[in-house]
Amino acid sequence: MNLQIEVISVFAADGSITPLRFRMEDEAHCLQTVSISQIVCAKPIQYAGIDAIQYLCKAVEEGRERLFELRYAVRAHRWTLFRVVY
């Protein structure tokens, strides 16, 4: 998937980042806002030489719980929706 998204997040005093909700464009080219209910896992990763933070996030979308994998590219300051797990 690897879709660039807009994210509202909180930065803690220790430098950790917690995403709260994100906005993406759906197939009909409408903006859809997804509120994150739980961060299951957050860990630093490196892919293709890029330092990033990987987040597994639970959210309720269209009445059902879904698990999203978000990635934050540290140097580029960009968020992507990497995949929808379920």
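The values are calculated or read from the model by the stated rules, or taken from the named source; none is laboratory data. In this text, all values refer to a predicted model and were calculated from it rather than measured experimentally. Cβ placement follows ideal geometry from the backbone for every residue including glycine, while neighbour counts extend to all protein chains displayed.
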field: Residue satisfying all of: in the stretch 1-39; among the acidic types (D, E) and surrounded by 10 or more Cβ atoms within 10 Å (Cβ to Cβ); nearest to the chain's Cα centre (by Cα) among these
entry: E6
query: So which pairs qualify, if the first residue must be in the stretch 53-67 and of a type in the set (F, W, Y) and at pLDDT 95 or above, the second must be in a strand (DSSP E or B) and surrounded by 12 or more Cβ atoms within 10 Å (Cβ to Cβ), the Cβ gap must be under 7 Å, and the two must be at least 6 apart or on different chains?
result: Y55/P19; Y55/I39; Y55/A42; Y55/L70
message: Please go through (1) among the aromatic types (F, W, Y); (2) surrounded by 12 or more Cβ atoms within 10 Å (Cβ to Cβ); (3) at pLDDT below 95 for Y47 and return the number of the only condition it doesn't satisfy.
response: (2)
field: Matching option when the condition is in contact with a Phe, Trp or Tyr (Cβ under 9 Å, 6 or more places away or on another chain) and at negative phi, among I39, I50, I45
entry: I39
task: Considering only the stretch 39-74, state which residues are under 14 Å from F22 (Cβ atoms) and not aliphatic (A, V, I, L, M).
output: Y55, C57, K58, E61, R66, F68, E69, R71, Y72
